[in-house]
Amino acid sequence: MSTLTTKDGTRLFYKDWGPRDAQPIVFHHGWPLSSDDWDNQMLFFLGKGYRVVAHDRRGHGRSDQTDIGNEMDTYAADVAELAEALDLKDAVHIGHSTGGGEVIRYVARSAPGRVAKAVLLGAVPPIMLATERYPGGLPMSVFDGFRQALSRNRAQFFLAVPSGPFYGFNRDGAEVSEGLIRNWWRQGMMGGAKAHYDCIVAFSETDFTEDLKAVSLPVLLMHGEDDQVVPIDASARTAIKLLPNGTLKTYPGLSHGMFATHPDIINADLLAFAKGEALA
């Protein structure tokens with residue numbers, strides 16, 4: 001396996017496919033998953049001639065099951081180390097959910113020339129938790145419930161999430177994919193319980209306001225209008241107001257996991273954005 005050992009000794013698993021001189025597309029997964037969540041998109045962009053890169057966040061997937069560093073500053077620093085080690089330049093960084101927070105924090109602090117564009121897909125910025133500044137967020141009781149469910153029976157919790165709100169499989173008439181449910185569970189159970197527990201704070205309580213304001217590069221926000229996990233009004237429709245060079249595209253009826261349930265739609269828009277073309 002390809003691994004990078006960070007400055008604090010954590011081993012990160014990563015994938016790096018395609019021509020090394022091609023433009024990199026870098027994928028950042030959501031909680032509590034792994035780089036495997038991007039299999040469809042990585043194969044798609046590889047087939048278009050891009051270099052595709054994705055890593056398992058510390059504590060997730062095949063990376064070390066860390067009990068420290070499970071917060072956004074360290075996540076972004078890990079990405080910076082990976083980008084430097086692989087000498088990624090002019091890259092397009094695409095982050096889903098928690099990975100979207102990781103992307104915007106990394107891009108806001110990235111070295112010149114490393115990043116060309118960013119995509120936040122169903123992403124958590126500016127902040128998921130309801131605060132005085134952002135009263136439309138979710139109450140702390142939601143995230144306390146996540147922690148309680150994870151501590152009590154992580155395996156059952158990680159079955160309930162994809163079976164229900166993540167892919168919108170709890171909606172009337174939904175076309176349920178048992179494979180997606182099982183693959184979500186598989187990825188989640190590969191990671192470490194402590195890192196997953198800590199990451200709930202990272203994805204819910206981190207305020208990305210200043211990161212969003214600081215990124216002048218093109219940023220595309222993509223969000224399902226029926227996202228039951230990261231509600232669109234408190235996330236993408238708020239974040240777009242903070243970005244100096246942002247574009248928002250919403251998808252009626254689509255869920256938090258829309259890139260897995262509707263890859264043809266999402267991949268076409270990702271490719272258009274990467275190429276600098278108008279979105280459909």
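The values are calculated or read from the model by the stated rules, or taken from the named source; none is laboratory data. The shown structure was predicted, so the numbers you read here are calculated from the model rather than taken from an experiment. Cβ: placed from backbone, ideal geometry, glycine included. Neighbour counts: every protein chain shown.
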- Please enumerate the residues belonging to region 230-271 that are aliphatic (A, V, I, L, M) and within 27 Å of S163 (Cβ to Cβ). V230, I232, A234, A236, L254, M258, A260, I265, I266, L270
- Task: For region 110-128, enumerate the residues that are more than 20 Å from G257 (Cα to Cα) and either surrounded by 16 or more Cβ atoms within 10 Å (Cβ to Cβ) or of a type in the set (S, T, Y) (or both).
- Result: S110, R114, V115, A116, K117
- Message: Out of F13, F27, I need the residue that is within 24 Å of M258 (Cα to Cα), modelled with pLDDT of 95 or more and touching a helix residue (DSSP H, G or I) at 6+ places or on another chain (Cβ under 8 Å). Which one?
- Response: F27
- Message: What's the total number of residues in region 1-20 that are under 21 Å from L270 (Cβ atoms) and either within 17 Å of the chain's Cα centre (by Cα) or not in a strand (DSSP E or B) (or both)?
- Response: 4
- Message: I need the full set of residues from region 139-165 which are surrounded by fewer than 17 Cβ atoms within 10 Å (Cβ to Cβ), under 20 Å from the mean Cα position of the chain (by Cα) and not in a helix (DSSP H, G or I), in order please.
- Response: G164
- Message: Against the definition (surrounded by fewer than 24 Cβ atoms within 10 Å (Cβ to Cβ), closer than 21 Å to S235 by Cβ and not polar (S, T, N, Q)), how does A76 come out, yes or no?
- Response: yes
- Of all residues in region 244-260 being touching a Pro at 6+ places or on another chain (Cβ under 9 Å) and crowded, with 16+ Cβ neighbours inside 10 Å, the one that is farthest from M128 (Cα to Cα): G246
- Message: Looking at (1) over 15 Å from the mean Cα position of the chain (by Cα); (2) closer than 18 Å to G99 by Cβ; (3) outside any helix (DSSP H, G or I), which one does L180 not meet, given that it meets all the others?
- Response: (3)
- Message: Based on this model, can you work out whether V119 counts as outside any helix (DSSP H, G or I), β-branched (V, I, T), closer than 25 Å to E71 by Cβ and touching a strand residue (DSSP E or B) at 6+ places or on another chain (Cβ under 8 Å)?
- Response: yes
- Query: Taking into account only those residues within region 10-28 that are under 14 Å from D39 (Cα atoms) and in contact (Cβ under 8 Å) with a residue 60 or more places away in the chain, which is surrounded by the most Cβ atoms within 10 Å (Cβ to Cβ)?
  - Reply: H28
- Query: For G192, are the conditions met, namely being more than 20 Å from the chain's Cα centre (by Cα) and modelled with pLDDT of 95 or more?
  - Reply: no
- Task: Hey, can you tell me all the residues within region 79-108 that are part of a loop (DSSP other than H, G, I, E, B) and not small (G, A, S)?
- Result: L86, D87, L88, K89, D90
- Only one residue in K249, K241 is in a loop (DSSP other than H, G, I, E, B) and free of Cβ contacts under 8 Å to residues at least 60 places away in the same chain, so which one is that? K241
- Message: Can you pull out every residue in region 32-73 that is surrounded by fewer than 23 Cβ atoms within 10 Å (Cβ to Cβ), of a type outside the set (D, E, K, R) and assigned to a helix (DSSP H, G or I)?
- Response: N40, M42, L43, F44, L46, G47
- Task: All but one of (1) more than 17 Å from the chain's Cα centre (by Cα); (2) crowded, with 22+ Cβ neighbours inside 10 Å hold for L270, so report the exception by its number.
- Result: (1)
- Any chance region 216-236 includes a residue that's assigned to a helix (DSSP H, G or I) and modelled with pLDDT of 95 or more? yes
